[in-house]
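Each reported figure results from applying straightforward, stated rules to the coordinates on display, with no laboratory input. Quick caveat: nothing in here was measured; it's all calculated off a predicted structure. Cβ placement follows ideal geometry from the backbone for every residue including glycine, while neighbour counts extend to all protein chains displayed.
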Amino acid sequence: MNDGPRLTLLVGSGLVLAFAACSPAEEPSRSAAATVARAEIRSCEDGSVLGEAIFRERPSDEGIKLVDVSLEVSGLSDGAHAVHVHETAACEPCSAAGGHHDPGPFGETAPDAPDFNHPFHGGDLLNLDVRGGSGSLVTTTNRFTLSDGRMSLFDADGSSVIVHSGEDTYCDQEDELTPGCAGGARDACGIIRLSER
Ligand SMILES: [Cu+2]
């Protein structure tokens, strides 16, 4: 049961659904065997590289798929920054990443609108705490997978990780969320790609 205490059942949020129908999603690479993925985190403002996120899928003692997430960034303002996996592999502009990754039950892929499922989307993660200009987040989730399946990050249009400007208050409202309560504007974005290691 050594997975127990580390299993973070996420909370998250997200609104900022700036559904940009803009730039086309990148074609995700697929590999059933791969269990590691990475995302180069880039500034939404000027595209400069701010850090990296690494995702590693592993089975729990009971055979449940768990994904260990570690993210490191620098160059952001001090304080808490919401972090989520968003639904599309596109970062130019950052709004192109769409809403939160949330395939939903029984293979439904339509994004929820209004955002009833916040802060329980598949892609909702925890706040990143930035101090002295840099910060890291380490967590584990069972809400999405890297391998194939209905919760996979590598669905038809892939996925991205977004770091927001503000804190995720994990707001949970059965209607439209209060603007900004899920982190507000987008500071950084990274397209999640399968990796050899
Ligand atoms: Cu987000």
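Using a 10 Å cut-off on Cβ atoms, rank the peptides 40-51, 118-129 from the highest mean neighbour count down.
Descending mean neighbour count gives 118-129, 40-51.
Order of 58-68, 83-93 by packing, highest average Cβ count within 10 Å first?
My ranking of the peptides, most packed first, is 83-93, 58-68.
Quick one: net charge of Glu167's neighbours, Cβ under 13 Å, K/R +1, D/E -1?
The answer is -4.
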